[in-house]
Amino acid sequence: MIDFEYTAPTQLDDAISQLSEAGDRARILAGGTDIIVQLREGLQSADLVVDVKKIPELTQFEFTAGQDLQLGASVPCWQVYENSEISAAYTALTDAVHIIGGWQIQSRASVGGNLCNASPAADSIPALIALDAVAHIAGPAGRRTVPASEFCTAPGRNVLEKGELLVSLTLPAPGPHSGSAYQRFIPRNEMDIAVVGAGSYVRLDSDGQKIEQARIALSAVAATPVFAEEASNWLAGQPISEDVFAEAGELAKKVASPIDDMRGPAEYRTHLVGVLTRRTLATACERART
Amino acid sequence: MSTEFMTEHSTEYKVIGTRPVRHDGSDKVTGKAVYTDDLHLPNMAFGAFVRSPHAHAKIVSIDTSQAEDMPGVLATCTSADLPDPWDKVDDLGEGCVNYAHLSGNVLARGKALYKGHAVAAVVATDSHLAEEAASRIRVEYEPLPATTWVLDAMKEDAPLLHDDLITHTLDDAPAKPSNIESHIRFEKGNIEEGFAAADVIVEREFKTATVHQGYIEPHVSVASWNEDGRLKIWTATQGSFVVRQQMAALLKMPISQITIVPCEIGGGFGGKISVYEQPVAAVLSRKCGRPVKIIMRRDEVFEATGPTPGSFMRVKIGATKEGKLTAGEAWLAFDAGAFPGGVIGPGCMCVFSCYDLPNAAVDGFDVVLNKPKTQAYRAPGSTHVAFAAESVIDELAVQLDIDPIEFRLKNAAVEGTRRVDGPVYPRVGLVECLEAVKNSEHWKSTLSGPNRGRGVACGFWFNAGLKSSVTASVNPDGTVTLVEGSTDIGGTRTSIAMQLAETLGISAEDVIPQVADTDSVGFTDVTGGSRTTFATGLAAHEAALDIQRQMMERAAQIWECDTGDVEVREGVYRGNDESLTFSELALKADSVGEAIIGRGAVDPQVSTNAFAVHLVDVEVDPETGKVTILRYTASQDAGTAIHPSYVEGQIQGGSVQGIGWALNEEYFYDDDGHVRNASFLDYRMPTCYDVPMIETIIVEVPNPDHPYGVRGVGEVSIVPPPPAIASAIQRATGIRLTDLPMSPPKLWRAINNGE
């Protein structure tokens, strides 16, 4: 690891000006569970590391049942799953933050950081996309919002411009008769990187018989986590059945363009998209009905 | 957890068979135990390696000047700083080494032979600086074609690693060099006749991937080359004396100039016997005049140390319809990594070791290729061949419709069985292990439900004897200080102390065991080969008898009688109508004469022959190919379990390593010969979430070559898991996998092709 400067601003404006000044040579540290490893292993280098955990806006979260969730970008995973109201409302996100590393990692790693790290295999991003989350960005030119589904641009790359940082995420209120789930396939049972991940959200009709709206998102099958739009749209109006879930799985495979690597061959990953889409839809529907 | 025992030994022991708190336990659980990286010597500097980015390349030039110009950089070194190596083969206790090869592995000479091969090193005032300086050492390479699969490396047109390597063979020496270091052949009986007598013959081919020992503590050393020419090294090693031996040979120094201090060790499993960073730290220390610490990163550990070979195996076994084995044939090719001398020898000896096989032939090949030099890994070679042979045995049982345990009982090796490589077994416990599993609640339970299956497999490991030394001093408070040369990896301080205590009739807590440096105790071979509790225990027993003899003489002197009139029983000395306990006599002895010091030095030239039988239930997810271990039972002949908790721990640890090897662990090589998963994230060892509690059955068939009947227990438990799991998967799915690891994509593909 090569030496770098470290700052920990307490004001958002200070962070923006420090990041702007250092430009490409600046890196943002929230939980640090990715950036510290990347700096140590030489995968990234930096002249300046800006710790954003001391900025109040980034560490706050607000939730009232029935309303949107505002989640500060540095809020660590454990605060999501330890909050019974949030974890009950956004089960796909809860599923995901429970399996990002072990509990030591979950004590530091943030949902916002997981999004910014833009790993194709990130666990929380399919959940965020399925839950229709929106990212709030601040920078030298002011503020803007970007849907989670458009936030990542390539492996390790995102839409943040020079001087910008992610401030918070908005997760819309999930609505009545809705449910969501995230699952990943890993060869082991914990402490692993997704071979494929899938997040599904459904909203059912008031009888719980038909799907009114669905959103499916996948990870580890493309350069970025992807929204399976066709499969999601097709589900609207479908009855709840294993055949419907299986068909959605087949449609979801269309957005998968995985690679062969040590985590799994491409053909196998595409197959798993079908399996996990089906399984997460089944769980999401079950949750929506209870 | 309850442990089952099947015991044949006397149950009169007072200490043996109990479970005292380990002597080093408090230090280890409170973080006070000193590991090598905990050392911070005054003025200490830090070394870092430059490693080859190519799997095979000629080293054209090395320019260290830019690094040396950096402030804080103290020195650099390359293979030119090591003496010209001796072309000499030496025995390190668990395998041999050629010092020319070892020197070339420590720092590459002329060619880099694998990705990660150390090419140069640098020392600086801090570790980050050393790392940065390493990146400024310019090495010019001329890349060469590389090979990482054993059968490819054996081809005539394969890229040659060593142009002077001529195959050692029983036939005429070949005219041309190749990558085949040796061809071993064992024969027994007549296999043509044997196969002719068979009603059923099964022949299959098997592959296993390269796997790593996966010790948690990376390789780490501190070297201090002093102005008087003496060299002191603190290091994590399985054998301080064999480190001294290797250092003396590599640096061409007298062994008396070198002291090795073994620190606590965070796992070895065979991988911490060879030296890697120790000679480099020493040379850098000589050049900069300061103590030098080198600690490897995890990717360096994966890319440049260990691992165990990848292999290709073909095994053929025949049996009569009554279930008697008639003949076996094996063709085994193991890679040795970049330098000759892998574990094909034990592989050949172990392949049919569990059975009374009247006719057998084994061909084995030791092959070099562009991977790190392989090292021993827990029962080295035996896990590979058990996967092949036990899978074929299981398939025979299925074809003959004979219960897999009954089939094995009909053919199990017993006292008097001659192995294909020659030795005849003394009393061994394979039948007892099979019976123990057969009588277990697990075997008698019903496994029901879809996609579930049960598998069983046997395993063998020789277990070594070798040299061990201890001294023991009696303290006036009745305790005994025990100084030993065996580094303690699995609780051997306590298992050795318990044997001393049993012999003297004192408690385990009254023995204070210490692992000493190479200047403070007699020569002791590595902690390896499952030998330590056996051989160093034997030395402790000798030392205890020596103490007892001196105590009796002292008692006679105090009581003014003949030594012959003094008796001792369970630590109480009696004579001339008087009696004293060990501790009372220790106090008196101290006031009337010289110190009482016992010594024990042994070199038993025996195998203690460990057998194990494992039973596993699995469930397969046919949609993903993922295997879940539902239940696991491991039986093993410990001879006598000195400390049953540590025997259980060894059985469980080995089983889990075998499960990892079976299901997910592998070096994932790309087309350039680079390992793509040199981290614990993508090199998938099992975690506690992946295995159930391993149930253990300790079988005790005492070893006739040890006063307390001890056999080694450390290694054999890694052997049966891959074939046991393969057979369980076969029962669950109808598919027999023959490639390790049996990872989810592989099993999914096999299930899909079958449909």
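Computed from the coordinates by the stated procedures, all read-outs in this text should not be read as laboratory data. Please read these numbers as outputs of a predicted model, since none were measured by experiment. Reconstructed Cβ throughout: ideal geometry from the backbone, glycine too, with neighbour counts over all protein chains shown.
One table, with the values for the structure above:
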quantity	calculated
Distance histogram for region A:150-238 (every C-alpha pair counted, 5 angstrom bins, percent rounded to whole numbers)	3, 12, 16, 18, 19, 16, 11, 5, 1, 0
Chain lengthening between B:Asp299 and B:Ser448 when straightened (0.36 nm per residue, less Cα-Cα)	49.3 nm
Packing-based exposure ordering (other Cβ within 10 Å, fewest first) of B:Ile59, B:Ile216, B:Ile496	B:Ile216, B:Ile59, B:Ile496
Kirkwood-type radius of the protein assembly as shown, with distances r between different C-alpha atoms, in Å	31.5 Å
Simple Cβ-charge dipole of the protein assembly as shown, Lys/Arg +1 and Asp/Glu -1, about Cα centre, in debye nearest 20	1120 debye
Hull-based mean projected area of region A:98-148, where the convex hull spans the alpha carbons, in square nanometres	4.1 nm²
Most to least packed among B:601-608, B:653-660, B:504-511, B:570-577 [average Cβ atoms within 10 Å]	B:653-660, B:504-511, B:601-608, B:570-577
Amide H contacts under 5 Å for A:Asn158, placed H, 5+ residues apart	A:Thr153
Cα centroid separation - region B:584-636 against region B:409-466, whole Å	18 Å
Radius, Kirkwood style, for region A:179-290 when every pair of distinct Cα atoms is counted (Å)	13.8 Å
Over chain A, volume per residue of the alpha carbon convex hull, in Å³	118 Å³
Chain lengthening between A:Leu12 and A:Ala222 when straightened (0.36 nm per residue, less Cα-Cα)	72.3 nm
Gained length - B:Glu553 relative to B:His168, 0.36 nm times residue gap less alpha-carbon distance	132.9 nm
Whole-number percent relative contact order across chain B, with pairs defined as alpha carbons under 8 Å at least 6 apart	16 percent
Net charge contributed by nearby residues that have their C-beta within less than 14 Å of B:Ala146 (K/R +1, D/E -1)	-3
Cα-centre dipole for region B:465-602 with unit charges at Cβ (Lys and Arg positive, Asp and Glu negative), debye to 20	480 debye
Theoretical FRET efficiency, 1/(1+(r/R0)^6), r = Cβ-Cβ of B:Arg230 and B:Asp739, R0 56 Å, to 0.05	0.65
Sum of side-chain charges, B:Asp401 neighbourhood, beta-carbon under 14 Å (Lys, Arg +1; Asp, Glu -1)	-3
Cα centroid of region B:355-390 to Cα centroid of region A:124-183, whole Å	53 Å
Principal axes of region B:596-755: Cα extent on each, largest first, Å	70, 38, 27
Span per principal axis, largest first, for the Cα atoms of region B:465-602 (Å)	48, 26, 24
Relative packing of peptides B:241-249, A:142-150 - highest average C-beta neighbours within 10 Å first	B:241-249, A:142-150
Top of A:Ile36, A:Ile216, A:Ile193 by mean-square fluctuation, Gaussian network on chain A, Cα under 10 Å	A:Ile36
Dipole of region A:66-171 [Lys/Arg +1, Asp/Glu -1 at C-beta], most positive-end residue of A:Asn158, A:His136, A:Ser74	A:Asn158
DSSP bridge orientation in chain B - percent antiparallel, rounded to nearest 5	75 percent
Cβ-based charge dipole, region A:5-50, positive-most Cα from A:Leu39, A:Val49, A:Ile28	A:Leu39
Cross-link pairs beyond the 32 Å C-alpha cut-off, checked among B:Lys155/B:Lys252; B:Lys32/B:Lys272; B:Lys321/B:Lys438; B:Lys28/B:Lys207	B:Lys155/B:Lys252; B:Lys28/B:Lys207
Calculated FRET value between A:Thr153 and B:Val424, using beta carbons and R₀ = 45 Å, to 0.05	0.05
Order of B:Tyr425, B:Tyr377 - criterion: other Cβ atoms within 10 Å of each residue's Cβ, fewest first	B:Tyr425, B:Tyr377
Options B:Leu251, B:Phe312, B:Ala67, ranked by Cα towards positive dipole end of the protein assembly as shown, top entry (Cβ charges)	B:Ala67
Peptide-level mean, for A:183-196, of C-beta atoms on other protein chains within 10 Å	5
For B:Val29, B:Val97, B:Val398, order by how many other beta-carbon atoms lie within 10 Å, fewest first	B:Val29, B:Val398, B:Val97
Volume of the Cα convex hull of region B:116-178, divided per residue and given in Å³	144 Å³
Relative frequency of Cα-Cα separations exceeding 21 Å in region A:66-171, percent	28 percent
Where a label projected 7 Å from the Cα of B:Lys14 along Cα→Cβ would reach, residues of region B:483-503 with amide N under 17 Å	B:497-503
Lysines with Cα under 27 Å of A:Lys53, excluding same-chain neighbours fewer than 8 positions away	A:Lys162
Partner chain coverage, peptide B:673-683 - average Cβ within 10 angstrom	2
Antiparallel content of DSSP bridges confined to the protein assembly as shown, in %, to 5	75 percent
Rounded FRET efficiency, nearest 0.05, which uses the C-beta distance separating B:Glu567 from B:Cys96 and R0 of 45 Å	0.40
Inter-chain shielding of B:687-694 (mean C-beta neighbours from other protein chains, 10 Å cut-off)	3
Kirkwood hydrodynamic radius of region A:5-50, Cα pairs, Å	10.8 Å
Region B:13-81 versus region B:143-176: alpha-carbon centroid distance in Å	34 Å
Residue-count net charge about A:Leu69 - beta-carbon cut-off 13 Å; Lys, Arg +1, Asp, Glu -1	-4
Net dipole in debye of region A:5-50 [+1 Lys, Arg Cβ; -1 Asp, Glu Cβ; about Cα centre; nearest 20]	160 debye
Interatomic Cα distance distribution for region B:565-609, bins of 5 angstrom, percent	5, 16, 18, 20, 12, 8, 9, 8, 4, 1
Normalised per residue, the volume of the convex hull around the Cα set of region A:189-232 (Å³)	95 Å³
Chain A: angle of helix A:12-22 to the longest principal axis, Cα-based, in degrees nearest 10	70 degrees
